[in-house]
Amino acid sequence: MITREAPVGEVCKIPERHQHACLGQRMMLYRTDPSKIVNDFFLYALQSKAIQNRLDLISGGSTVGHVRVGDIRSLWIFYPKSENEQLKIAESLNNISHKVEAEINQLSKLKMQKSGLMHDLLTGKVSINVKPKTSPETQATI
C-alpha cells in the first residue's frame, strides 16, 4: 500500500491474513508480479531515498502534497532481475529492521524505568543517604 497524500509515499505491506483490506481515498494498493519482484524487496525499494525523492518531485499541492493515481501507477523502479539477489537484500533489510525495532523497544523500557525511579526519588518514596564529604581541613592529623 502507498499513500498519495498527507504524507505522500508512506508505504506498508498488508499481511496475507488481511487480504480484504479497505483502502482510503488517498491510498493505492500495489500487487506485484512474483515472477518479477519479491514483495519485501519492493516494499524497501518504495521506501528508498531514490523513490521518495521522485515522489517529492512529482507531488503537487501548496499546503498538502499529493500525487496523481497515474503517477503512482507509472512509478519507475530499478531492481535486480535475480530473485535470489532480491531475497538476500530483503532478508538483510528485514534483519536490520527487527534489530532497530528491538532497540527502540528496549530504549522505551529504560525510559519508563528511569521515569519511575526519578518519581520515587523526587517524591521521597525512596530515601537517599548521602554521607558528607570530608575535606582535608576537617580531617584530624596525627
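The values are calculated or read from the model by the stated rules, or taken from the named source; none is laboratory data. The model shown is predicted, which means the values in this text are computed figures rather than measured ones. Using ideal geometry, Cβ is built from the backbone for each residue, glycine included, and neighbour counts are taken over all protein chains shown. Remember, those area values only see protein heavy atoms, side chains included, never the ligands or the DNA or RNA. Shrake-Rupley method; radii C 1.70, N 1.55, O 1.52, S 1.80 Å.
Accessible surface comparison of 8, 130, probe 1.4 Å, protein chains only, largest first: the order is 130, 8.
Per-residue surface analysis assigns residue 117 an accessible area of about 100 Å², computed on protein heavy atoms at 1.4 Å probe radius.
What's the FRET efficiency of residue 125 with residue 21 using the Cβ-Cβ distance as r and R₀ = 41 Å, to the nearest 0.05?
On the way: r = 48 Å, r/R0 = 1.16.
Given R0 = 41 Å and the Cβ-Cβ separation, E is 0.30.
The lysines within cross-link reach of residue 88, meaning a Cα-to-Cα straight distance under 23 Å and a gap of 8 or more places when in the same chain, are 13, 36, 49, 99. For the chain, the membrane-span-like helix rule (DSSP H, alpha carbon extent of at least 27 Å along the helix axis, mean Kyte-Doolittle at least -1.0) picks out 83-122; this says nothing about an actual membrane.
Scattering from the range 43-103 was approximated by placing one identical point on each alpha carbon and applying the Debye formula without solvent; log10 I(q)/I(0) at 0.13, 0.16, 0.20, 0.27 1/Å stands at -0.50, -0.69, -0.87, -1.10. Most mobile of 11, 126, 64 per a Gaussian network model of the chain (Cα springs, under 10 Å)? Ranking 11, 126, 64 by mean-square fluctuation puts 126 first. Of all the options 21, 50, 90, the one that moves most in a Gaussian network model of the chain with Cα springs shorter than 10 angstrom is 21.
For the chain, what is the mean residue ellipticity at 222 nm derived from helices alone (per DSSP H run of n ≥ 4: -39500 (n - 2.57); sum divided by total residues; nearest 500 deg cm²/dmol)? Spell out each step's value before the answer.
Numbers: 4 runs with 64 residues, N = 142.
Mean residue ellipticity at 222 nm (helix-derived): -15000 deg cm²/dmol.
For the chain, the solvent-accessible area of protein heavy atoms averages 82 Å² per residue (probe radius 1.4 Å; ligands and nucleic acids excluded).
Please report the carbon-and-sulfur percent of the accessible area for the chain; probe 1.4 Å, protein heavy atoms only, DNA, RNA and ligands left out.
On the way: 6440 of 11600 Å².
Using a 1.4 Å probe with all protein chains present, the chain comes out at 56 percent carbon and sulfur.
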